[in-house]
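Structure record follows, encoded as structure tokens.
The values are calculated or read from the model by the stated rules, or taken from the named source; none is laboratory data. Note that the structure is a prediction, hence the values are computed from the model and not measured. Quick reminder, even Gly has a Cβ in these numbers, built from the backbone with ideal geometry, and neighbours come from all protein chains shown. To get the accessible areas, we keep the full protein, side chains included, count just its heavy atoms, and leave off ligands, DNA and RNA. Shrake-Rupley method; radii C 1.70, N 1.55, O 1.52, S 1.80 Å.
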Amino acid sequence: MKFQVEDVTVYFPYDHIYPEQYAYMLELKRALDAKGHCLLEMPTGTGKTIALLSLITSYTLSKPQNPVKLIYCTRTVHEMEKTLAELKLLHNYQVKHLGPQAQILAVGLSSRKNLCVNPTVLAAENRDSVDAACRKLTASWVRNLAAENPNVQTCEFFEEYERAGSGAVLPPGVYTLQDLRAYGKQKGWCPYFLARHMVQFSNVVVYSYQYMLDPKVAGIISKEMQKESVVVFDEAHNIDNVCIEALSVSVRRQTIEGARRNLSKMQHDIERFKATDADRLRKEYNRLVEGLAQGGNLPITDTWLQNPALPDDILKEAVPGNIRKADHFVHVLRRLVNHLEGRLETENVEKEGPVSFVATISTQAGIDQKTLKFCYDRLHSLMMTLEITDTDEFLHIQTICDFATLVGTYTRGFSVIIEPFDERMPHIPDPVLQLCCHDASLAIKPVFDRFQSVVITSGTLSPIDLYPRLLNFHPVVSRSFTMSLTRDCICPMVLTRGSDQLPVSTKYDMRSDLGVVRNYGRLLLEMVSVVPDGVVCFFVSYSYMDMIVNSWNENGILKEIMQHKLVFIETQDVVETTLALDNYRKACDCGRGAVFLSVARGKVAEGIDFDRHYGRLVIMFGIPFQYTLSKILLARLEYLRDTFQIKEGDFLTFDALRQAAQCVGRVIRSKADYGMMIFADKRYSRHDKRSKLPGWILSHLRDAHLNLSTDMALHIAREFLRKMAQPYDKVGGGSGKKTLLSQEDLEKMGESIANDLLR
């Protein structure tokens, strides 16, 4: 369908649109017109992705004099593929209506592991090894050697791509990762470097959060992007955690030992070059004396991860004299590694700020702050000079230099925390030295400053006013949408006690109480006897899930559950969990029905949909608070309180309830779907906890469902399932409010429609 949103003609590839999609487009357009940032919370399963893509591509088509580029950031490769598939459908529709002028180039960009087509490189088992295997075949010095000696192996796909020169371009179209690999094989070109090259010419780029937020990667990939870009962070409820992880580093004993091995190898290489090619080391020294940046004119294959500090914080000056010589630099790193090893030998937990930590390094190891700042860039230069290709072997020394550069650059928003053991296993010594970032706004600030519009959107952004404070920005539009439904297809309930009237909760003093464990088991048992198909359960942690399942097994509850449905469990092993999910789906497909036991904050809670018969009920056992005794969390809470005036309790509750909402939101993926949500913990009945759930869940949570026991919940479940079995009016014409709008409806109702429908 084709319709107007103010002065923009929107091309939408379906015959009907939801009212909330239309309202979402209106708000999004206002943010684009204002050239500002926005926060939009939209219920899951209401077509958020296609609404975004339709409006932004149509906006560009209607304003050809100043086109905007769309940079769409997703959390997982699976989400990236889904977004590109939607975009392909939309693109075909636009080309059908407008002809060739609507053609765009859209590219998905991922790591070499997901794009490489060279079988020898793909044989490596993890991402770092694939990167190193690629570098061994494509580094400039390897290719120079191959030109003289035909026995040196290179990558035929990259060589073909280089030979094609400026002819190596992608024709207009939408390319998923699969399409890129297929096109690369057909042409004999390397899909990874082709995609990297085409990113700057694309109208739409879809890639992972890290490519935008992690300075080490963003420095290579995103520095080309123009200011007239719209950056979308989809499923962005955890964006503050992604920002913090991008600027945090951990050093363990293994890191220290690995770094020592790396330094010995580098020393050995330096000695070798001194004997065979001393001129090479001298050239590097002269270049550093002149203060030339080594990143400016490197061939694309030699570009390495960029400086871990943010672009504005990197010193634009020459490398200090004491680390210009390769020997001297290795010696400085040795002293730093020895110092960090000494700091790890501690009996107590230590916490200090970067300033005092750097002062200690200066007095005890004789390395000043400026030298620390340059460690990462100087290491990069040395690895280029020594022609090191197996970068996966040198990850340890990279981590040390990462740490040094960050601790030398930042004075606020960070802490250095040294823990002699993991608090959950105090008898096993496992010292770790962590540089923890507490301020999520640091990593995302360059994105807000650089691009004209940043859209942060998800199904769970409640309370929506907390995100501008956490990320320190001012959105021009901040809106939470509800779900327009012809029937109440969501049934949230708060269960506070078992049938024996004993309260249930995962509070620390109650969680291992036998009464609570038994009531949780009876709840699941009663529900599986009446709910058809799939039931998904979420626990607060792996250890709690293990404890409860063992207890159920001993009491015979598990055996009784198995008589109704098969039981599958998420583990920390990705392969096992994937297998369990496949078999869970098979059991639901064949009518046997199944229960999937999972963990909040785990892989399943974040990225797997349990739509249709795969999820008719989701039970959230407890409130998934973070481990509140964690030293890192306590330091972050203190920083948030002092800097942004966010109370500890508010942040912890907000964080736990966004995770709970994310878990239960897995069950509804479209309006034709239906499902129940049970929040099994007495604390959910308190207003301060409950009010932080998203509006679209709260609007269906009736007062009568706020304080239920197991038998009452069972009665409500039976009634709900009976109601859902009846035929219903999908368009909602009879009920007064339409929930599916056609093109004629939109033309008839004009602009007042969104305001009327979503009031």
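Annotations
- Residue count, region 4-14 (criterion: open to solvent by 10 Å² or more (accessible area, probe 1.4 Å) and modelled with pLDDT under 90): 3
- Near pairs, Cβ below 6 angstrom, 6+ apart or cross-chain, from region 571-587 (not assigned by the TED database to the domain that holds Phe538) to any residue that is small (Gly, Ala, Ser) and modelled with pLDDT under 95: none
- If the condition is being open to solvent by 10 Å² or more (accessible area, probe 1.4 Å) and within 28 Å of the chain's Cα centre (by Cα), then region 381-404 contributes Asp390, Thr391, Asp392, Glu393, Leu395, His396, Gln398, Thr399, Asp402.
- Matching option when the condition is at negative phi, buried (at least 17 other Cβ atoms within 10 Å of the Cβ) and modelled with pLDDT under 90, among Ile697, Ile646, Ile668, Ile716: Ile668
- Unique match (being open to solvent by 10 Å² or more (accessible area, probe 1.4 Å), at pLDDT 90 or above, closer than 30 Å to Phe448 by Cβ and not aromatic (Phe, Trp, Tyr)) among His91, His78, His97: His91
- Restricted to helices (runs of 4 or more DSSP H) entirely inside region 115-215, those with at least 1 residues that are in contact with a strand residue (DSSP E or B) (Cβ under 8 Å, 6 or more places away or on another chain) and among the small types (Gly, Ala, Ser) are 191-198.
- For Trp552: the one exception among (1) out of contact with any helix residue (DSSP H, G or I) (no Cβ under 8 Å at 6 or more places or on another chain); (2) surrounded by 18 or more Cβ atoms within 10 Å (Cβ to Cβ): (1)
- Summed over region 227-250, residues that are within 30 Å of Asp327 (Cβ to Cβ) and in contact with a helix residue (DSSP H, G or I) (Cβ under 6 Å, 6 or more places away or on another chain) total 1.
- Which listed residue, of Tyr508, Tyr467, is of a type outside the set (A, V, I, L, M, F, W, C), on the phi < 0 side of the Ramachandran plot and open to solvent by 10 Å² or more (accessible area, probe 1.4 Å): Tyr508
- Residue among Met225, Met266, Met198 that is open to solvent by less than 20 Å² (accessible area, probe 1.4 Å) and more than 22 Å from Ile104 (Cβ to Cβ): Met266
- If you filter region 339-355 down to residues that are charged (D, E, K, R) and open to solvent by 50 Å² or more (accessible area, probe 1.4 Å), you find that the one that is farthest from Gln434 (Cα to Cα) is Glu347.
- Among the residues making up region 226-249, those that are over 15 Å from the mean Cα position of the chain (by Cα) and among the aliphatic types (A, V, I, L, M) are Val230, Val249.
- In region 405-432, of all residues being assigned to a helix (DSSP H, G or I) and within 27 Å of the chain's Cα centre (by Cα), the one that is surrounded by the most Cβ atoms within 10 Å (Cβ to Cβ) corresponds to Leu406.
- Residue among Asp513, Asp500 that alone is open to solvent by 10 Å² or more (accessible area, probe 1.4 Å), assigned by the TED database to the domain that holds Gly695 and touching a helix residue (DSSP H, G or I) at 6+ places or on another chain (Cβ under 8 Å): Asp500
- When residues of region 103-138 are limited to those that are hydrophobic (A, V, I, L, M, F, W, C) and surrounded by fewer than 20 Cβ atoms within 10 Å (Cβ to Cβ), the one nearest to Ile221 (Cα to Cα): Leu105
- Identity of the residue in region 141-185, open to solvent by less than 60 Å² (accessible area, probe 1.4 Å) and of a type in the set (Asp, Glu), that ends up farthest from the chain's Cα centre (by Cα): Glu159
- Here Glu747 meets the list (1) at pLDDT 90 or above; (2) open to solvent by 70 Å² or more (accessible area, probe 1.4 Å); (3) farther than 18 Å from Arg612 by Cα almost entirely, failing just condition (1).
- Members of region 649-661 found to be open to solvent by 10 Å² or more (accessible area, probe 1.4 Å) and among the aliphatic types (A, V, I, L, M), listed by number: Leu652
- With respect to the conditions (1) assigned by the TED database to the domain that holds Ser685; (2) farther than 20 Å from Leu706 by Cα; (3) assigned to a helix (DSSP H, G or I), Pro468 falls short on a single one, namely (1).
- Leading residue by the ranking (nearest to Ala717 (Cα to Cα)) among those in region 516-548 that are surrounded by fewer than 17 Cβ atoms within 10 Å (Cβ to Cβ) and among the aliphatic types (A, V, I, L, M): Val530
- Scanning region 154-170 for residues that are in contact (Cβ under 8 Å) with a residue 24 or more places away in the chain and of a type outside the set (A, V, I, L, M, F, W, C) turns up Glu156, Glu160, Tyr161.
- Of all residues in region 321-338, those satisfying the criterion of being touching a residue at least 12 places away in the same chain (Cβ under 8 Å) and either touching a strand residue (DSSP E or B) at 6+ places or on another chain (Cβ under 6 Å) or open to solvent by 20 Å² or more (accessible area, probe 1.4 Å) (or both) are Asn322, Arg324, Lys325, Asp327, Arg334, Arg335, Asn338.
- Count of region 33-60 residues which are at negative phi and surrounded by fewer than 18 Cβ atoms within 10 Å (Cβ to Cβ): 3
- The set of residues in region 228-242 that are surrounded by fewer than 19 Cβ atoms within 10 Å (Cβ to Cβ) and in a helix (DSSP H, G or I) contains only Asn241.
- Qualifying residue in region 626-634 (condition: in contact (Cβ under 8 Å) with a residue 12 or more places away in the chain, assigned by the TED database to the domain that holds Arg497 and buried (at least 21 other Cβ atoms within 10 Å of the Cβ)): no
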